[in-house]
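Trainee: Handing you a structure now.
The values are calculated or read from the model by the stated rules, or taken from the named source; none is laboratory data. None of the values given here were measured: they were computed from a predicted structure. Note: ideal-geometry Cβ built from the backbone for every residue, glycine included; neighbour counts use all protein chains shown.
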Amino acid sequence: MLENLWSNRIPCAAVLLFALGFSTLLLHPNLIKKIIGLNIMDTAAYLFLTSLGYIPGRLAPIIVNGDTDPSHYVNPLPAGLVLTGIVVSVSVTALMLALTIRLYDRYHTLDLDKIYMMARQEQGELQ
Amino acid sequence: MKKKKSKFSQALRKWDEGSFDLTDALPEEQIAAPLPEQPYDWQLERPVVRLEQGEISMYRRLYPIFATVLATVMILFLFAAMIALPHTGSTQTPTLNELTDRYVADGMRETGAVNVVAGVILDYRAFDTLGESHVLYSAAIAVLMLLLSLGGVSMEPDPRERLITETDPILRSTAKLIVPLLVVFGVYNICNGHLGPGGGFSGGAIIGAGLILYSLAFGFERLERLLNFKSYRVIVVVALCFYSLAKCYSFYCGANHLESFISPGTPGRIFSAGLILPLNVAVGAVVACTMYGFYSVFKRGRI
């Protein structure tokens with residue numbers, strides 16, 4: 001079992017990164033830190049996908065000298081998936097930062113607990 | 001009917017100019033009850049807050065416990081999955097199946113791209129990449145919608161900060177040196193995407209970084225002669241439409257077994273690999289403009 005963990009040490013590092021990001025996302029009250037945590041989780045997913053496609057001793061999937069033997073190249077599919085993930089994470093990060101700017105403009109704080117309390121009080125006043 | 005239509009077109013024109021106020025569209029009685037303008041000062045209003053704070057403190061005490069338990073359970077599950085996974089670098093993994101074998105073995109002959117990843121994402125799975133470009137564009141539109149109306153005082157950068165960044169000799173001379181290299185390297189990356197490492201996304205991001213550095217060193221006004229909101233819209237919409245129409249044509253031909261005039265060409269040449277080079281250029285234009293657009297919107301509230 002431990003031998004298995006050692007031979008899978010790169011995916012294990014990805015899991016540790018994921019844990020770091022996930023606990024930041026859950027436990028930190030600051031909105032910017034939450035966004036950073038989500039980005040760390042994204043990075044962990046990319047590391048995991050890349051480690052699935054990697055095979056030591058093989059070339060990057062760019063055909064050299066017309067050699068099209070599949071056993072000479074690493075898996076090209078995870079690279080494409082990671083590319084998709086990077087673009088989506090950039091878009092999501094930009095959207096979250098814009099929403100954070102709007103929230104800060106209204107409540108003048110980035111602390112989610114304070115924002116939550118102020119929003120509840122505003123709701124109570126309106127009713 | 002005529003009057004109503006003219007009112008609608010007037011609103012549409014105002015919306016296009018960016019001066020459309022959402023309250024214009026609301027019925028009268030909803031405008032009558034305005035939202036509280038000032039942010040609520042929660043520390044001054046003790047009697048109301050104390051009850052709320054009791055509720056919040058309960059929530060605050062329980063939330064970290066639940067969050068820690070949830071995170072720990074999830075991490076333990078993930079580590080259990082790690083034990084069951086095949087070894088990293090093993091050639092017997094289920095991800096290395098006949099699909100990837102086919103991509104490598106026949107990819108160069110079928111798509112004409114020497115870089116197999118470019119062939120996969122811009123030919124076999126081009127629909128996926130089209131969706132990606134649209135995700136990026138929709139995110140840019142959403143950020144614009146959220147921050148354009150904010151406008152005015154709070155988004156304008158501090159004049160002192162502008163004075164510092166836009167007259168800094170180190171920044172200016174570094175930018176003079178680096179920006180042309182960045183743009184040339186980005187164009188090389190885009191045009192070389194089917195022959196080696198690179199492609200529209202990375203090249204576009206490099207060009208976007210060059211544009212951001214230029215506007216940081218020399219001010220937005222000088223870059224606006226090249227790239228303002230109007231040209232941004234034109235570039236992005238033309239690139240996305242070209243991508244969609246080109247892929248429509250190739251899907252139509254492929255599905256109906258028609259002869260397509262797009263040929264893979266000689267692998268290894270710059271003008272080869274059929275649609276991959278023009279699609280890379282389109283994607284690169286979208287990514288470069290969107291990266292600069294994000295920066296500009298976040299910095300000063302408009303493109």
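Trainee: May I ask you to list the residues in segment A:50-71 that are surrounded by 15 or more Cβ atoms within 10 Å (Cβ to Cβ), free of Cβ contacts under 8 Å to residues at least 24 places away in the same chain and more than 8 Å from chain B (Cβ to nearest Cβ)?
Mentor: A:R58
Trainee: I need every pair where a residue in segment B:67-87 that is in a helix (DSSP H, G or I) has its Cβ under 6 Å from the Cβ of a residue that is surrounded by fewer than 13 Cβ atoms within 10 Å (Cβ to Cβ), sequence separation at least 6 or different chains.
Mentor: That search, which allows pairs on different chains as well, returns B:I83/A:M1.
Trainee: Consider B:F220 against the criteria (1) among the aromatic types (F, W, Y); (2) modelled with pLDDT under 80; (3) within 27 Å of A:G80 (Cα to Cα): it satisfies all of them except one. Which criterion is unmet?
Mentor: Status for B:F220: all satisfied but (3).
Trainee: Also, I was wondering about something else. Which residues, taken from segment A:73-90, are in contact with a Lys or Arg (Cβ under 7 Å, 6 or more places away or on another chain) and facing chain B (nearest Cβ under 8 Å)?
Mentor: A:Y73, A:G80
Trainee: Scan segment B:152-166 and give yes if some residue there is more than 7 Å from chain A (Cβ to nearest Cβ), at pLDDT 80 or above and loosely packed, with under 13 Cβ neighbours inside 10 Å, otherwise no.
Mentor: No, that holds for no residue.
Trainee: Another question about this same structure. Of all the residues that make up segment B:246-303, how many are closer than 30 Å to B:L227 by Cα and of a type outside the set (D, E, K, R)?
Mentor: 31
Trainee: Please state which one of A:L97, A:L110, A:L47 is without any contact (Cβ under 8 Å) to a residue 60 or more places away in the chain and either under 21 Å from the mean Cα position of the chain (by Cα) or more than 7 Å from chain B (Cβ to nearest Cβ) (or both).
Mentor: The match here is A:L47.
Trainee: Now a separate question. Is there a residue being assigned to a helix (DSSP H, G or I), surrounded by 15 or more Cβ atoms within 10 Å (Cβ to Cβ) and in contact (Cβ under 8 Å) with a residue 24 or more places away in the chain anywhere in segment B:269-277?
Mentor: Looking through segment B:269-277, at least one residue is assigned to a helix (DSSP H, G or I), surrounded by 15 or more Cβ atoms within 10 Å (Cβ to Cβ) and in contact (Cβ under 8 Å) with a residue 24 or more places away in the chain.
Trainee: Considering (1) within 7 Å of chain B (Cβ to nearest Cβ); (2) among the polar types (S, T, N, Q); (3) surrounded by fewer than 17 Cβ atoms within 10 Å (Cβ to Cβ), say which one A:N30 fails and leave the rest.
Mentor: The failed condition is (1).
Trainee: If you don't mind, another one. Take A:L26 and tell me if it is modelled with pLDDT of 85 or more, of a type outside the set (G, A, S) and out of contact with any Ser or Thr (no Cβ under 9 Å at 6 or more places or on another chain).
Mentor: No: the conditions fail for A:L26.
Trainee: I'm checking my understanding of the structure. Among residues of segment B:220-268 that are among the hydroxyl-bearing types (S, T, Y) and not in a helix (DSSP H, G or I), which one is farthest from B:H134 (Cα to Cα)?
Mentor: Looking at residues that are among the hydroxyl-bearing types (S, T, Y) and not in a helix (DSSP H, G or I), I get B:T266.
Trainee: Another question about this same structure. Does B:T72 satisfy the criteria of being more than 31 Å from the chain's Cα centre (by Cα), surrounded by fewer than 16 Cβ atoms within 10 Å (Cβ to Cβ) and hydroxyl-bearing (S, T, Y)?
Mentor: Answer is yes for this residue.
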